[in-house]
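One structure below.
Computed from the coordinates by the stated procedures, all read-outs in this text should not be read as laboratory data. Just so you know, these numbers come straight off a predicted model, no measurement behind them. Here Cβ is always computed from backbone atoms with ideal geometry, including for glycine, and neighbour counts include all displayed protein chains.
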Amino acid sequence: MNRAKAADLVVITSVLAWILAACSSAPAPKGGKLIYGLTLTPSGIDPHVNVSSELGIPLTSVYDPLLWQDVGSEFVPGLAESWQISDDGLIYTFHLRQDVKFHDGSPFNAQAVKFNLDRIVDPQTKSQKAAFMLGPYDHAEVVDNYTIKVYLKEPFAPLLDSLSQVYLGMASPAAVEKWGLDYQMHQVGTGPFMFKEYIPKDHLTLTRNPDYNWAPAIFSHQGPAYLEEIEFRFFVEPATRALALEAGEAHIMGEIPPQDAQRLSEDPDFQLIPAALPGTPLQIFLNTERPPTDDLRVRRALIYATDREAIVVAIFNNLSPVAHGPLNAVTIGYDEKVAGLYNYNPELAKDLLKEAGWVDEDGDSLLEKDGQPLRVEAYLMGWGFIPEVAQLLQAQFKAVGVEMRTQVVAYPAALEAARKGKHNLIPFSLSSSDPDILRTFFHSDGGFNWAKVRDPKLDGLLKEGARTLNPEKRKDLYAEAQRIIMTEALIIPIRDYVNLHAARAQVKGLRYDSRGWFPWLYDVYLAASR
């Protein structure tokens, strides 16, 4: 190439780069109404009181937390400009922004923070989640208008994670006191959108906060949000979700069934936005107190007999990773060494069952011992493709001589069955951005200890993990805990959760937080339709 042509190419390239840069930096179109599809009608939507992830999808845009967590799980300033933690981990000092007002015009300050924290832990509030997220909270002290100290009874490593979530978002004390028990219908925060109306089981509407000018650094602009209004509508039946998108009844939809997600991903009019959820995978707890799963060899055999890859391909269209342990792989503290501990091996499963005394005494391909068939009882919930997973498990277990009997029950009945230990197998999962979630499932006193495990060493690891502020030490503690859980065969991990969101192609700027549930709608705008 001669010099003249090279120079021409440089000029052309520079012009193209300038044009692209100008286009990318052009302001996003402002205004417009976005319709967002919700998939569950929660029984209540006060984030300090209620528990569902579904309430957080709209309300993340209404409330600002003290600090935010970026997609890399780092904490960044929110309503708190900075914070310090005492050496003993018992005192957290937050220095607050001085330019923030609630949607009703009342000031945000240290007194408001204390009011919110005290409201959450007040027994009269009957908090189902937020109070537990505060852990060993003792009290808050207002130092001055924009400085507050939070005192704990003992160190609690997940506190910053908790304070970065919508459940501990800051509500207007004036609005809470004005509306009392009816506050959930008149919510007031400091976020980029304001609560307009909520018609249960029909829709929830937010409008732009024209005064918003304190967005955290994780967002791409300052000032008011681009969208003028967001309407959240309910699409409870999975089969209706993709159809609603295709019919233009919604711009964004969560929890798209895998087959529909695959179809939409191949259509240029739509975009598939998979979000991996931290927390626990779809896992099936094995009751260590009820025969025959009280035998470690039987529990291990059931894991080896489970072809998880076949389940992920057949039911989840390969859009979810195979799970290997009690934490999803994107969760802080996940131990990669649990992968490969229980690769699918039906022959080894048969050997373990034979070692445990189970043989086919009558030639019917099912194993027996002392004249009793090898049978396990499974209680199932009807959501999350659990019944479909159970059907494949039945066939896989039968191939090694195990009969699995199933009952699909409502959630309250499942809780009761698990509490009484009537199950051999029962599935469950919870999303969480902190590995302390393991304490809920595997500590002797855990509220969902459905494996009925009583292990002092495991209890100690989980308790120490909650108290330890050093990230590397925490990681080591949870790694050891995960290996104990899998060595003792307390669960059959099935698949890591991935929330399959889909949106119309005109939706721009959409991101989800590190928890995979909550959309960041502040930067979102609607491009002109093609």
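Across the cross-link table entries Lys149/Lys475; Lys153/Lys475; Lys422/Lys452, which are compared at the Cα atoms, the separations over 18 Å belong to Lys149/Lys475; Lys153/Lys475. Reported to the nearest whole Å, the Cα centre-to-centre distance from the stretch 392-457 to the stretch 491-530 is 29.
Taking every alpha-carbon pair under 8 Å whose residues sit at least 6 apart, the chain reaches a relative contact order of 19 percent. When the alpha carbon gyration tensor of the stretch 282-496 is reduced to an equivalent ellipsoid, its three semi-axes come out at 28, 18, 17 angstrom, largest first.
With the charge dipole of the chain set up from +1 on Lys and Arg Cβ and -1 on Asp and Glu Cβ about the Cα centre, the Cα lying farthest toward the positive end among the listed residues Leu204, Leu462, Leu168 is that of Leu204. Dividing the convex hull volume of the alpha-carbon atoms in the chain by its residue count gives 190 Å³ per residue. In straight-distance terms, cross-link reach from Lys354 covers every one of the lysines whose alpha-carbon lies under 21 Å from its own, apart from those fewer than eight places away in the same chain; here that gives Lys369, Lys398. Which residues make up the longest stretch of the chain that has no chymotrypsin sites (Phe, Trp or Tyr not before Pro) in a DSSP loop with at most 16 other Cβ atoms within 10 Å? With a cap of 16 other Cβ atoms within 10 Å, the longest stretch comes to 1-218.
Seen from His324, the other residues with C-beta closer than 11 Å to its C-beta sum to a net charge of 0, counting Lys and Arg as +1 and Asp and Glu as -1. Cross-link partners for Lys457 among the aspartates and glutamates, with Cα-Cα distance under 17 Å and sequence neighbours closer than 8 places in the same chain left out: Asp436, Asp445, Asp476, Glu480, Glu488. Loop-resident GluC sites (Glu not before Pro) (DSSP state other than H, G, I, E or B) in the stretch 46-123 with no more than 13 further Cβ atoms inside 10 Å of their Cβ: Glu74.
From its DSSP helices (H runs of at least four residues, each -39,500 (n - 2.57)), the chain gives a residue-normalised ellipticity at 222 nm of -8500 deg cm²/dmol. Between helix 456-467 and the chain there is an angle of about 0 degrees, using the helix long axis and the longest principal axis of the Cα atoms. Only lysines eight or more places from Lys508 in sequence, or on another chain, were considered; those with a Cα closer than 18 Å are Lys30, Lys33. With K and R counted +1 and D and E -1, the other residues having a Cβ less than 14 Å from that of Met133 yield a net charge of +1. Put in order of Cβ neighbour count within 10 Å, fewest first, the listed residues Leu181, Leu430, Leu163 become Leu181, Leu430, Leu163.
Thr41 to Trp179: FRET efficiency via 1/(1 + (r/R0)^6), r the Cβ-Cβ distance, R0 22 Å, to the nearest 0.05?
0.55
Would you give the gap between the C-alpha center of the stretch 212-254 and the C-alpha center of the stretch 274-340, rounded to a whole Å? Cα centres, the stretch 212-254 to the stretch 274-340: 32 Å.
At an R0 of 25 angstrom, the distance between the Cβ atoms of Glu403 and Ala314 translates into a FRET efficiency of 0.75.
The equivalent ellipsoid of the stretch 249-325 has semi-axes of 35, 13, 9 Å, largest first, where each one is the square root of 5 times an eigenvalue of the Cα gyration tensor.
Seen from Val408, the other residues with C-beta closer than 14 Å to its C-beta sum to a net charge of -1, counting Lys and Arg as +1 and Asp and Glu as -1. Between Ile85 and His203, the modelled label-to-label distance comes to 4.4 nm, taking each label 7 Å out from Cα in the direction of the beta carbon.
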